[in-house]
Each structure stands twice: as structure tokens, then as C-alpha cells.
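S.K.: The structure under discussion is supplied below as C-alpha cells; questions concerning it will follow.
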Amino acid sequence: MMAETMKGLKRTHRCGELSLKNEGETVTVMGWVQKQRNKGGIVFVDLRDRSGLLQLIYEESDCGGENFAKAEKMRSEFVVAAAGTVEKRAGAVNTNLATGEIEIRVKETRILSEAETPPFPIEAESRTKEELRLKYRYLDLRRPDLQRNLMLRSAITANIRRFLTGEGFLEIETPILGKSTPEGARDYLVPSRVHPGTFYGLPQSPQLFKQLLMCSGYDRYFQIAKCFRDEDLRADRQPEFTQVDMELSFVDEEDVIDVNERLIQFVCKEAIGLEVELPLPRMKWREAMDRYGSDKPDTRFGMELTDVSETVRGCGFGVFTSALENGGTVRGINAKGQGAMPRKKIDALTDMAKGCGAKGLAYLSVGEDGSYKSSFAKFMEEGQLKALVEAMGGEKGDLLLFAADKNSIVWSVLGALRLELGKQLGLIDENKFNFLWVTEFPLLEWSEEENRFVAMHHPFTMPVEEDLQYLDSDPGRVRAKAYDIVLNGVELGGGSVRIFQNEIQEKMFEVLGFEKEDAYSRFGFLLNAFKYGVPPHAGLAYGLDRLVMLLVHAESIRDVMAFPKIKDASCLLTNAPDVVDQAQLTELGIALADNKEEAGAESKN
């Protein structure tokens with residue numbers, strides 16, 4: 001049978017829009033066949049579109065032989081149009097469907113497109129392997145849960161635009177093809193045909209352009225911006241992602257936080273009916289690290305870190321004392337009621353700790369009889385062990401876990417163990433939405449790889465004024481006017497007050513190890529703009545993908561993006577990245593190195 005057309009039929013409703021209120025109306029619906037059931041003389045068809053499911057009924061006695069024959073032929077994923085009358089269901093009501101009280105008694109049918117049997121069922125909560133679903137993403141996107149995610153994403157984006165426009169922001173687009181300024185993650189490069197041997201950089205963010213817009217007097221800017229970072233992927237990271245980007249003039253940190261708290265409150269209410277109470281809690285960076293071992297703490301559960309450095313100072317356990325002698329700390333977490341945890345599980349936690357940079361993991365379990373079982377008990381006196389348990393708030397049946405090293409490693413290890421135990425022990429309330437501002441980040445952090453200080457956020461972040469005196473003498477001590485917004489242990493976005501005085505910006509570049517000439521080579525267009533009158537300004541950017549992921553309780557941002565990539569940054573649907581014609585490379589002046597020859601040369605050397 002040749003595919004039919006819609007000619008003469010016009011869709012009047014989407015499937016999920018009909019209800020008993022439409023009883024008796026003549027309607028036309030169109031969509032995909034979810035299921036067909038032939039009961040002999042009567043055929044039931046579940047029709048699906050993005051709004052939901054609707055039952056069609058074909059009775060051979062009243063719909064006509066041709067229409068009935070078409071109904072008998074229908075299979076999963078056929079695309080059909082059906083016209084008929086809305087009726088109250090004669091059979092049992094389907095309480096699982098919004099349209100479960102009605103059905104359409106069909107009088108006319110068109111089979112617009114036939115379909116082969118799909119490689120996996122089109123159903124919510126699919127158990128099909130993700131790799132197969134991503135290969136056939138156009139089929140995967142028909143699943144109702146993914147469609148709900150993407151429709152909610154659309155609604156969230158629309159509400160963000162609505163709110164920010166109402167607050168006096170202007171939506172302005174900035175270039176995708178820009179200058180590569182590698183300071184942070186790797187840039188994606190695009191070769192220029194017109195200027196051989198030169199490259200554009202795809203934006204990691206619109207940072208420099210939005211600051212230029214403030215220099216140009218636009219006062220309040222925002223953009224739903226595509227950004228690109230060539231970095232290793234994980235559940236909440238993709239090589240290309242979407243940012244809700246903004247910048248404001250003549251403001252300070254409080255102004256930015258205020259408008260963004262109200263934005264969060266508005267979007268959450270409109271999107272999922274979530275009431276967000278303002279003001280949101282705040283926590284300084286150092287407090288977050290000391291209490292949770294993370295600058296994006298999940299505050300939905302306790303198990304906070306405890307610093308026991310002074311309690312164990314001078315004890316007989318060399319791991320603890322050597323860490324303290326080298327300027328480090330000893331900290332622990334208390335897994336309440338887990339004193340009987342099997343050694344195999346403790347060993348798994350130890351392996352995890354080593355993966356985070358620790359040399360090992362010390363443990364002490366308190367028996368129900370008050371006895372101690374520990375990996376280091378033989379090195380410490382009974383009184384010292386008792387003092388350590390008391391410092392940790394330990395009770396009978398508890399498991400105490402310790403890390404000893406420099407602060408950065410101790411925080412990383414215990415922060416990761418805390419989250420892992422929180423998941424394993426079911427301590428996290430998945431229905432909670434805990435927002436948190438983390439403030440007063442360090443301006444700089446030391447890079448062992450580059451043997452220099454690097455900007456924790458970016459080189460244009462304003463230092464806290466009272467810390468400017470330490471930029472030369474003690475750069476690691478300087479705090480930044482930077483702030484991150486965190487939700488349930490995930491960084492939603494970050495921002496800062498920007499440097500707008502030339503002398504501070506030049507000093508910042510000096511501390512970062514840039515010669516003045518190098519700084520102007522990289523960022524001269526911004527620095528030159530600052531010579532012509534620049535207002536105090538500040539901004540913030542959200543990861544839109546992450547925000548949607550958390551609001552819909554998705555496990556990965558791939559579940560809220562239409563066409564995501566996998567962990568190696570490739571697309572299973574299109575096979576990108578892929579080889580290109582030699583003619584294209586020649587035109588661009590690009591010659592590819594032979595990896596096999598390079599590998600051979602390296603082995604000889």
C-alpha cells in the first residue's frame with residue numbers, strides 16, 4: 001500500500017489534550033502507533049504523540065471495510081491520522097492515562113508512514129543499553145520520559161527569558177568563532193581557510209565578549225549560549241553544552257545574588273511547582289571544605305568531616321604524625337551504626353581513597369561492647385584511642401574513617417567517601433532540593449603541573465579588597481569576590497565581581513606569570529577597551545543542562561539533551577568526529593601526522 005497524505009484532514013487536537021469535556025465532538029488526531037490489539041471485529045489502537053496516549057477504536061460494523069483493514073495492518077511506530085468521535089469508554093477506565101476515560105470511534109484513517117520493527121521498545125524507563133539507544137537516538141527521543149525532559153527544558157528556557165527580560169536584561173548573541181585563549185580547559189580549534197595556518201577557538205564561555213558589552217553600556221546582558229570545552233567527560237559534563245550567561249553593570253556581589261535567587265525561585269515554581277524559600281543559605285569556601293571536603297557540598301545529609309589533628313598530635317601512629325609534621329592535617333568522618341561493616345567493604349573504600357590521591361585509609365570501629373577494632377590501634381595508647389573516638393562523636397556501633405595528608409588530598413578523599421557512603425547507606429533524601437551559595441573562593445590555586453599559580457575561576461576575577469596587600473607576598477592567601485550556586489552537591493553555576501581597574505588586572509596577570517606583552521597578545525582587545533571607561537560589573541553563568549537534569553531527577557545530562565555525545569566525545573548517531581576528504585584538508589593547509597609512524601619513532605628513541 002502506498003503511503004497516504006493528510007490532504008483533506010487537519011489535526012484538531014494532540015492526543016493528550018482530549019478528555020470527557022470533548023465527548024461527542026468530531027476530532028482528528030495524528031501520531032505514532034504504540035500498540036495495536038485485534039479482538040476480532042474490533043481493533044484497539046493506542047496512538048501516541050508528545051502529549052500522551054489516546055485509544056482509538058475500530059468496529060468493523062461501523063467504520064467501513066477499508067478503514068478496518070488499515071487498522072488490522074497497523075504495527076508499532078506506524079504514523080497515522082484518524083478522524084472520529086470522542087466517546088466515553090465502554091470498557092474499564094484506564095486510570096494510568098490522562099485520556100483513560102475516553103476513546104475515539106474512528107470513521108476515517110490514513111496510514112501516513114509505515115515502520116520497520118524498531119530495535120528496542122519505545123517505552124518509558126527503558127532498560128535497553130544506552131549505547132544502542134544513542135545509536136538510534138531519533139527513536140529514543142520518542143520515549144515519553146525523554147520527551148517530558150526536553151519539553152520541561154524548553155519551558156525552563158522560556159521562563160528564564162521571561163524573568164530576565166522583565167528584570168531589564170537584553171538578550172545579545174556573542175560570536176561562536178573567536179580567539180583561542182587557553183587558560184583553563186582546552187579549546188576546540190577551527191582552522192581558517194582564508195588565513196592559512198591560523199585558527200579560531202570555540203568559546204568556553206562568552207566571558208570576554210560579555211565584559212566588552214558592559215564597556216559598551218548595555219548594562220544588563222544575558223544569553224542562552226552554546227559553549228565548548230575539550231575535556232574529559234562525566235555524567236554532568238559534555239564537550240558542547242548550554243549556558244545561561246549574564247553580566248550586570250554598576251552592581252556588587254549582593255546585587256547578582258539577589259537577582260539570581262529570585263530567578264531560581266521563579267523558574268522552580270513555574271517548571272515543577274517547587275517553592276524555594278529565600279534567601280538561600282550561604283557558606284564560605286573554607287567552611288565548605290572543612291565541613292564537607294567539597295566546594296560543592298551536598299547538604300541533604302550530615303556525616304561532616306572532623307579535624308582531629310590536635311587530638312592525635314604526638315601519638316604513636318607515624319602516618320598521622322608525619323602528615324602533621326609536613327604541614328598537613330588529620331580528619332575523619334563518622335559512619336554512624338556501621339561498626340560491623342565487613343572488611344571487604346572497608347577495603348573497597350580504601351581503594352577508592354587511593355584513587356583520590358591518598359596513600360591509604362585508617363579506620364576504627366567501635367564494637368557494641370565498647371571495644372575497638374582498628375588498623376592503627378596497636379600504635380596508640382588506650383587513652384589516645386578513647387580521646388580520638390570522643391573527638392569524632394563516636395558511639396557503640398560506629399565506624400570512624402580517617403585520612404592524613406595535605407589538606408587538598410584529605411578534603412578530596414573524605415569528601416568522596418562521604419558521598420559514597422551517603423549513597424550506600426541511603427542517607428540522601430532524593431526529594432530534597434538544597435540550594436547553597438558558596439562564597440569567598442581562593443583567587444588562585446597552585447598548579448604542580450605548570451609550577452605556577454593559576455586562577456581558580458578566571459584571570460578577570462576581583463580579589464577581596466582587604467586581601468590585595470597579599471598578592472605579592474602570599475598569593476595563595478588572597479580571596480576572590482567569587483560565588484558558586486550549588487544544588488544537591490552539583491555546581492549549577494559560578495560567577496564573580498570582575499576586575500575593572502587596569503592596575504589590578506595587570507597585577508593579576510603578573511601573579512599568573514604572564515608578561516605584559518603576552519597578556520596583551522591574548523587579551524589586548526579587552527584590556528584596551530578598559531582604557532575608555534569601564535563600569536564596575538559582575539556576572540554569573542549557569543549550566544542549563546545540569547539545572548534541568550537535577551530538576552527532573554535524571555541520572556545524566558544526556559537524558560536532558562536532544563543529541564548528546566558519549567564519554568569519548570563522539571556521537572554514536574552520526575559517527576562524529578569522522579575523517580574528511582583530503583581535498584578539504586589541502587584547502588585548509590592541514591597535513592595529518594601518521595600516528596603509527598610517530599609511535600614507531602618514539603619507541604626507537
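S.K.: Any idea what Rg and Dmax come out to for segment 31-84 if you just take the C-alpha atoms, in Å?
M.R.: When restricted to Cα atoms, segment 31-84 yields Rg and Dmax of 10.4, 31 Å.
S.K.: Another question, then. State the volume of the convex hull built on the alpha-carbon positions of segment 1-128, expressed per residue in Å³ and rounded to an integer. Walk me through the intermediate numbers first.
M.R.: Details: hull volume 14.5 nm³, N = 128.
Measuring per residue, one finds 114 Å³ for the Cα hull of segment 1-128.
S.K.: Give the residue list of trypsin sites (Lys or Arg not before Pro) in segment 376-471 that are DSSP loop and have at most 16 other beta-carbon atoms within 10 angstrom. Intermediate values should be presented prior to the final figure.
M.R.: Values: sites: K378, K386, K396, K406, R418, K423, K432, R452; in loops: K396, K406, K432.
In loop regions of segment 376-471 (DSSP not H, G, I, E or B), the sparsely surrounded trypsin sites (Lys or Arg not before Pro) are K396, K406, K432.
S.K.: Accessible surface of L572 in the full protein assembly, 1.4 angstrom probe, to the nearest 10 Å²?
M.R.: 50
S.K.: Output the peptides 463-470, 52-59 sorted from most to least packed, where packing is the average of other Cβ atoms within 10 Å over each peptide's residues. Mind showing how you got there, number by number?
M.R.: Details: 463-470: 14.8, 52-59: 22.2.
Descending packing order for the listed peptides: 52-59, 463-470.
S.K.: For segment 370-520, report the % of Cα-Cα distances exceeding 18 Å. Spell out each step's value before the answer.
M.R.: Values: 8033 of 11325 pairs.
I get 71 percent for the Cα pairs in segment 370-520 exceeding 18 Å.
S.K.: Same structure, new question: How large is ³J(HN,Hα), in whole Hz, for each residue of segment 190-198 in order, when computed from phi with the Karplus curve 6.51 cos²θ - 1.76 cosθ + 1.60 and θ = phi - 60°, using x for Gly and Pro?
M.R.: Per-residue couplings from phi come out as 10, x, 9, 6, 6, 10, x, x, 10 Hz.
S.K.: Another question, if that's okay. Spin-label point model (7 Å from Cα, Cβ direction): what's the D145 to L592 distance in nm?
M.R.: 3.9
S.K.: A follow-up question, please. Can you compute the modelled spin-label distance between R105 and D581, with each label point 7 Å from Cα toward Cβ, in nm?
M.R.: 6.1
S.K.: Using Cα-Cα distances under 8 Å and only pairs 6 or more residues apart, what relative contact order does the chain have, in percent?
M.R.: On the way: 1103 pairs, mean separation 74.1, N = 605.
Relative contact order of the chain: 12 percent.
S.K.: Given a 1.4 angstrom probe, what's the average accessible area per residue across segment 472-605, in square angstrom?
M.R.: On the way: 6980 Å² over 134 residues.
Roughly 52 Å² per residue, with all protein chains present.
S.K.: Can you find, among F250, N502, P118, the residue farthest towards the positive end of the dipole of the chain? Put +1 on the C-beta of Lys and Arg, -1 on that of Asp and Glu.
M.R.: P118
S.K.: Another one. Considering amide H positions built from the backbone, and no H for Pro or chain starts, which residues 5 or more places from T461, or on another chain, come under 5 Å of its amide H?
M.R.: Close amide H contacts, sequence-distant or interchain: I499.
S.K.: Further question: When Lys and Arg each count +1 and Asp and Glu each count -1, what net charge do the other residues less than 12 Å away from R153, Cβ to Cβ, add up to? Before the final figure, lay out the partial values.
M.R.: Details: positive: R148, R546; negative: D545, D559.
In short, 0.
S.K.: Report relative contact order for segment 111-237 in percent, whole number only (criteria: Cα-Cα under 8 Å, sequence separation at least 6).
M.R.: On the way: 120 pairs, mean separation 25.3, N = 127.
Dividing the mean separation by the residue count of segment 111-237 yields 20 percent.
S.K.: Need the list of lysines near K88 for cross-linking: C-alpha distance under 24 angstrom, and skip anything on the same chain fewer than eight residues off.
M.R.: Correct list for K88: K10, K21, K35, K39, K70, K107.
S.K.: Still on this structure: Give me the distance between the Cα centres of segment 321-338 and segment 101-169, rounded to whole Å.
M.R.: 49
S.K.: Scale the Cα Rg of the chain by the rule-of-thumb value 2.2 N^0.38 Å and send over the ratio, two decimals.
M.R.: Scaled against compact globular proteins, the figure is 1.21.
S.K.: Where Rh is the Kirkwood radius over the Cα pairs of segment 334-422, the temperature 37 °C and the viscosity 0.692 mPa s, what D in µm²/s does Stokes-Einstein return?
M.R.: Values: Rh = 13.2 Å.
The diffusion coefficient I find is 248 µm²/s.
S.K.: Less than 12 Å Cβ to Cβ from L170, Lys/Arg counted +1 and Asp/Glu -1: what total charge do the surrounding residues give? Walk me through the numbers before you get to the answer.
M.R.: Numbers: positive: R161, K210, R220; negative: E167, E171, E173, D219, E247.
Surrounding charge for L170 is -2.
S.K.: Before rounding to the nearest 500, sum -39500 (n - 2.57) across all DSSP H runs of length at least 4 in the chain and divide by the residue total; then give [θ] at 222 nm in deg cm²/dmol. If you can, show how the numbers build up before the last one.
M.R.: On the way: 18 runs with 185 residues, N = 605.
Calculated at 222 nm, the ellipticity per residue is -9000 deg cm²/dmol.
S.K.: Right, something else. State the extension gain, in nm to one decimal, for the chain segment bounded by R313 and E254, taking 0.36 nm per residue of separation less the distance between their alpha-carbons. Don't skip to the end; give the middle numbers.
M.R.: Working: separation 59, 0.36 × 59 = 21.24 nm, distance 4.15 nm.
Full-extension gain reported as 17.1 nm.
S.K.: Would you work out what percent of the accessible area of the chain, with all protein chains in place, is carbon or sulfur (probe 1.4 Å)? Mind dumping the intermediate values first?
M.R.: Details: 14810 of 30380 Å².
About 49 percent, which is the carbon plus sulfur part of the accessible surface.
S.K.: Let me ask another. From the phi of every residue in segment 116-122, what ³J(HN,Hα) in whole Hz does the Karplus formula 6.51 cos²θ - 1.76 cosθ + 1.60 yield, where θ is phi - 60° and glycine or proline is x?
M.R.: In residue order, the calculated couplings are 6, 5, x, x, 7, x, 8 Hz.
S.K.: Loop only by DSSP, 12 or fewer other Cβ within 10 Å of the Cβ. Give me the trypsin sites (Lys or Arg not before Pro) in segment 248-341 that pass, ordered by residue number. Show your work: numbers first, answer last.
M.R.: Values: sites: R262, K269, R282, K284, R286, R291, R300, R313, R331, K336; in loops: R300, R313, K336.
Loop-located and lightly packed - R313.
S.K.: Sticking with this one: Compute the acute angle (0 to 90°) between the alpha-carbon long axis of helix 516-529 and the principal axis of greatest extent of the alpha-carbon atoms of the chain; round to the nearest 10°.
M.R.: 50
S.K.: Measure nothing but the geometry: give the 0 to 90° angle between the long axis through the Cα atoms of 407-424 and the longest principal axis through the Cα atoms of the chain, rounded to 10°.
M.R.: Long axis of 407-424 versus the principal axis of the chain: about 40 degrees.
S.K.: Spin-label point model (7 Å from Cα, Cβ direction): what's the A529 to V93 distance in nm?
M.R.: 6.1
S.K.: Where in segment 1-73 are there trypsin sites (Lys or Arg not before Pro) that are in a DSSP coil and have at most 16 other Cβ atoms within 10 angstrom of their Cβ? Before the final figure, lay out the partial values.
M.R.: Details: sites: K7, K10, R11, R14, K21, K35, R37, K39, R48, R50, K70, K73; in loops: K7, K10, R11, R14, K39, R50.
Here the sparse-neighbourhood loop sites are K7, K10, R11, R14, K39, R50.
S.K.: Near A538, within a Cβ-to-Cβ distance under 9 Å, what is the net charge of the other residues, with Lys and Arg +1 and Asp and Glu -1?
M.R.: Working: positive: K481, R498; negative: E247, D252, E253, D255.
Neighbour charge sum, excluding A538 itself: -2.
S.K.: Considering only the chain, what is the antiparallel percent among its DSSP beta bridges, to the nearest 5?
M.R.: Values: 92 of 99 bridges.
Taking every DSSP beta bridge with both residues in the chain, the antiparallel ones total about 95 percent.
The values are calculated or read from the model by the stated rules, or taken from the named source; none is laboratory data. Everything numeric in this text was worked out from a predicted model, so none of it was measured. Cβ atoms come from the backbone with ideal geometry, glycine included; neighbour counts cover every protein chain shown. Just the protein is used for accessible areas: all its heavy atoms, side chains included, with ligands, DNA and RNA removed. Shrake-Rupley method; radii C 1.70, N 1.55, O 1.52, S 1.80 Å.
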